[in-house]
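Read through the structure below, which is laid out as structure tokens, and then see the notes.
The values are calculated or read from the model by the stated rules, or taken from the named source; none is laboratory data. Only a predicted model underlies this, so the values are computations on that prediction, with no experimental measurement involved. Every residue, glycine among them, receives a Cβ derived from its backbone with ideal geometry; neighbour counts consider all protein chains shown. Side chains are part of the model used for accessible areas, which takes the heavy atoms of the whole protein and leaves out ligands, DNA and RNA. Shrake-Rupley method; radii C 1.70, N 1.55, O 1.52, S 1.80 Å.
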Amino acid sequence: MSAMYKDDQDDWMTVCLKYLLFVFNVLFWVGGAAVMGVGIWTLIDKSDYLSLLASSTFAVSAYILILAGALVMVTGFLGCCTVIREQRSCLSTYFCCLLLIFLIELVAGVLAYVYYQRLSEELKQHLNETMTENYAQPGKEAITLAVDRLQQDFKCCGSNNSFDWLHSVYMSSAVSEGRVVPDSCCKTITSLCGRRDHPSNIYKTEGGCITKLEQFLADHLLIIGAVGIGVACLQICGMVFTCCLHRRIKLDPY
């Protein structure tokens, strides 16, 4: 009698684990879609700014998130099939996939954290140089477009302030046609409006574009980190459920 009760109890616990793992995989699939969506949003939303950064760490962390999100969605679907098939070998493969994705997300999180720590210093060292030396120069069209969009989107002028443009290669040349700042600094853009740098005409944001861009990138990095940590915690639960179910399912006869 006690042996039958124990068998019934084991069967009940196995069924519960199957349902838990199935629900986990549904949530896991949704989480994968969220991770991939954040990665794509990071690259698409104001992606022009990436050309202003000295390193590619920010873009790499976003690409890793997209890869991890795609793998999560595929693994979530396979996980549901694994639960239905009830095979230990499939569960072992599924566990290895979860562990691999966890490590990929861990790498993305570490990259995002490291870049977050040195973001301010990198912008201070390189943004002003990039803007003043490359703006409106031959072969630097991507940087020129990025600077114009940066100043218009964030309503700023110059890396620290509008006076930074006085030392730029473009403003010192005859091509500038007497401008003291690019036209993208103007509150209302018209031809040659950059000749007048009065506060009524151009943006005089305190801290310049460095402060604005730093805050924008920091917000994105925090979102990357939060989503990665959330899905990673979900994965740990999934790995625990998988191990428990693996122990309770009897060995396949073949």
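Between Lys155 and Ser172, the modelled label-to-label distance comes to 3.3 nm, taking each label 7 Å out from Cα in the direction of the beta carbon.
The Rg/Rh ratio for the chain is 1.24, where Rg is the radius of gyration of the alpha carbons and Rh is the Kirkwood radius.
Here the accessible area is traced with a 1.4 Å probe on the protein chains. For the range 121-196, carbon and sulfur cover 52 percent of it. Here's how it looks for Ala136: its modeled amide H is under 5 Å from those of Thr144, which are all 5 or more places away or on a different chain.
For the chain, the Cβ-based charge dipole about the Cα centre amounts to some 240 debye (Lys, Arg positive; Asp, Glu negative; other atoms uncharged).
Estimated from helices alone, the mean residue ellipticity of the chain at 222 nm is -25000 deg cm²/dmol (sum of -39500 (n - 2.57) over DSSP H runs with n ≥ 4, per residue).
Under 1.5 on a/c is rounded, so check that first for the range 123-220, then, if it is not, pick prolate when a/b is larger than b/c and oblate when it is not; a ≥ b ≥ c are the square roots of the alpha carbon gyration tensor eigenvalues.
Oblate shape, in that a/c is at least 1.5 and b/c is the bigger or equal ratio.
Taking all Cα pairs closer than 8 Å and separated by 6 or more residues, the relative contact order of the range 26-76 comes to 64 percent.
Pull out the extension gain between Ala54 and Gln137, defined as 0.36 nm times the separation in residues minus the alpha carbon to alpha carbon distance; nm, one decimal.
In short, 28.1 nm is gained.
The distance from the alpha carbon centre of the range 28-56 to that of the range 175-254 is 8 Å, rounded to a whole number.
Whole-percent P(r), the range 181-254, all Cα pairs, 10 Å bins from 0: 16, 20, 16, 13, 11, 10, 8, 6, 1. Cysteines of the chain lacking any other cysteine Cβ under 4.7 Å from their own Cβ: Cys16, Cys80, Cys81, Cys90, Cys96, Cys97, Cys233, Cys237, Cys243, Cys244. Here the Karplus curve 6.51 cos²θ - 1.76 cosθ + 1.60, taken at θ = phi - 60°, turns the phi angles of the range 184-198 into couplings of 5, 7, 6, 5, 10, 6, 9, 4, 6, 5, x, 6, 10, 9, 6 Hz, with x standing for Gly and Pro. Among the protein heavy atoms, those of Val15 account for about 70 Å² of accessible surface (1.4 Å probe, every chain in place). Close amide H contacts of Asn161 (hydrogens built in the peptide plane, cut-off under 5 Å, sequence separation of 5 or more or a different chain): none are found. Ranking Tyr113, Leu213, Gln137 by how far each Cα lies toward the positive end of the dipole of the chain (charges on Cβ) leaves Tyr113 at the top. Principal-axis analysis of the Cα atoms of the chain puts helix 2-44 at an angle of about 10° to the longest axis. Given +1 at the Cβ of Lys and Arg, -1 at the Cβ of Asp and Glu and no other charges, the dipole of the range 27-152 around its Cα centre is 420 debye to the nearest 20. Compared with the alpha-carbon gap, the fully stretched path from Gln215 to Leu99 is longer by 38.5 nm at 0.36 nm per residue. Would you mind computing, in nm to one decimal, how far apart the modelled labels at Ala33 and His126 are, each placed 7 Å from Cα along Cα→Cβ? About 3.6 nm, to one decimal. The residues of the range 181-254 expose, per residue, 55 Å² of accessible area to a 1.4 Å probe.
Can you tell me the 0 to 90 degree angle between the C-alpha axis of helix 57-85 and the longest principal axis of the chain, rounded to 10? Roughly 20 degrees between the two axes. Lys/Arg Cβ at +1, Asp/Glu Cβ at -1, dipole of the chain taken about the Cα centre: which of Gly194, Ser89, Gly69 is farthest positive-ward? After comparing all options, I get Ser89.
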